[in-house]
Amino acid sequence: MFDLIRSNLFLMKKSRSTYIMMLIAIATTAITILSNALLIALLHEPAEDNDEENGVSVTMTADFEDATGDEPTMTGTVGTLMNAANKNSYSAADILTMMTSGMNLLLPLSIYIVIFANSDSKNGYIKNLGGCVARRKIVLAKLICSAVYTVFAMLISWGVSMAIAKAVIESKCKVDVVFGSGEDFAKALGIQLLSHITIAAVIIMVIMITRSTAVSIAFGVALSSGIPTLLYQVADMVLHKYVDISDDFSIADYVPSNAITGFSPAQDSDTTARMIVVCVIYLVIATVIGIAAMKKKDIR
């Protein structure tokens, strides 16, 4: 198993697509952070209407609270921006959440995972592996190497994003960008890594079932584009209309992509625990199905 992982890492190291998709991932997240930082800078500036003749300056502000009287916590890309705009400083967890909440990192990662996981079948190397290595080990090795790539891609992208955020936000907003709470960053990094690796396992499962690069890439792109979110909303409307369930129930809360788009460093421990449990369940199921599909695969 160790030799198989090492050989996959070696192939990953020698592949040009590894570095190309890494650069695309870094560029995508960098553009995301740059645009978000500029928007935050605009949100920090008061909207002023100056009348030079009369010497009148009008500043428009808006304060709002939720039904409990507490400041609301919003999620998603817009929610991340609105929450961030009210901060006096920005932490590493804030930048990481801002970087990943729009699933901009997931898109290049999902495409690369398809290319990497299906490379053995495309170049015929699977013929040599299939007869001498347990097929479950092939799937597990692909998943482990994909997880390693995800860790490197996320950490490098976060480092670049922190540098951009520090340069833009500190200069435009006059507030600090600091590392902040190590606990919050560890929670944010752990949730994002787990959710991205879980989706990687789901994509590998689709590869093993369909045996098609095109279908797998289309599946990954669809996940990254937010199309399933629309389907979840439609399903929620149908369920709430015809089934007697709680108004708070949402299918989106029980899929791993919600841990990417819906995570907030300020969320309670119960929400974090639910995200972890959901991701672990999907990870195990996707891995088991992927191994089963690989065992039945006709290697030619």
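Show me the ranking of peptides 276-282, 218-224 by mean Cβ neighbours inside 10 Å, starting with the highest. Before the final figure, lay out each step's value.
Working: 276-282: 17.1, 218-224: 18.7.
So the peptides 276-282, 218-224, ranked by packing, come out 218-224, 276-282.
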Across K13/K166; K137/K187; K13/K295; K142/K296; K13/K187, pairs whose alpha-carbon gap is larger than 21 Å: K13/K166; K137/K187; K13/K295; K13/K187
Nearest-20 debye value, segment 170-274 charge dipole, Cβ charges on Lys, Arg, Asp, Glu: 540 debye
Around S264: net Lys/Arg minus Asp/Glu count, Cβ-Cβ under 11 Å: -2
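Shape call for segment 156-209 from the C-alpha gyration tensor, a ≥ b ≥ c root eigenvalues: rounded (a/c under 1.5), prolate (a/b greater than b/c) or oblate? List each step's numbers first, then the result.
Details: a/c = 4.89, a/b = 2.37, b/c = 2.06.
Taking the square roots of the gyration eigenvalues as a ≥ b ≥ c, segment 156-209 is prolate.
Would you work out if segment 149-270 is rounded, prolate or oblate? Take a ≥ b ≥ c from the square roots of the eigenvalues of the alpha-carbon gyration tensor; rounded if a/c is under 1.5, else prolate when a/b is larger than b/c, oblate otherwise.
Values: a/c = 2.26, a/b = 1.38, b/c = 1.64.
Since a/c reaches 1.5 but b/c is at least a/b, the shape of segment 149-270 is classed as oblate.
What number comes out for the charge environment of A93, summing +1 per Lys or Arg and -1 per Asp or Glu over other residues with Cβ under 10 Å away? Can you show the working numbers first?
Numbers: positive: K187; negative: D94, E183, D184.
With Lys, Arg at +1 and Asp, Glu at -1, the neighbours total -2.
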Net charge, D248 excluded, C-beta distance under 13 Å - Lys, Arg +1, Asp, Glu -1: -3
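Evaluate the charge dipole of segment 93-227 about its Cα centre and quote only its size in Debye, nearest 20, assuming +1 on the Cβ of each Lys and Arg and -1 on the Cβ of each Asp and Glu. Let's see the in-between values first.
Numbers: 11 positive and 6 negative charges, 136 e Å.
The dipole magnitude comes to about 660 debye.
Only the coordinates and a few stated rules stand behind these numbers; no lab work does. All values reported here derive from a predicted model rather than from experimental measurement. No Cβ is skipped: glycine too gets one built from the backbone with ideal geometry, and neighbour counts run over all protein chains shown.
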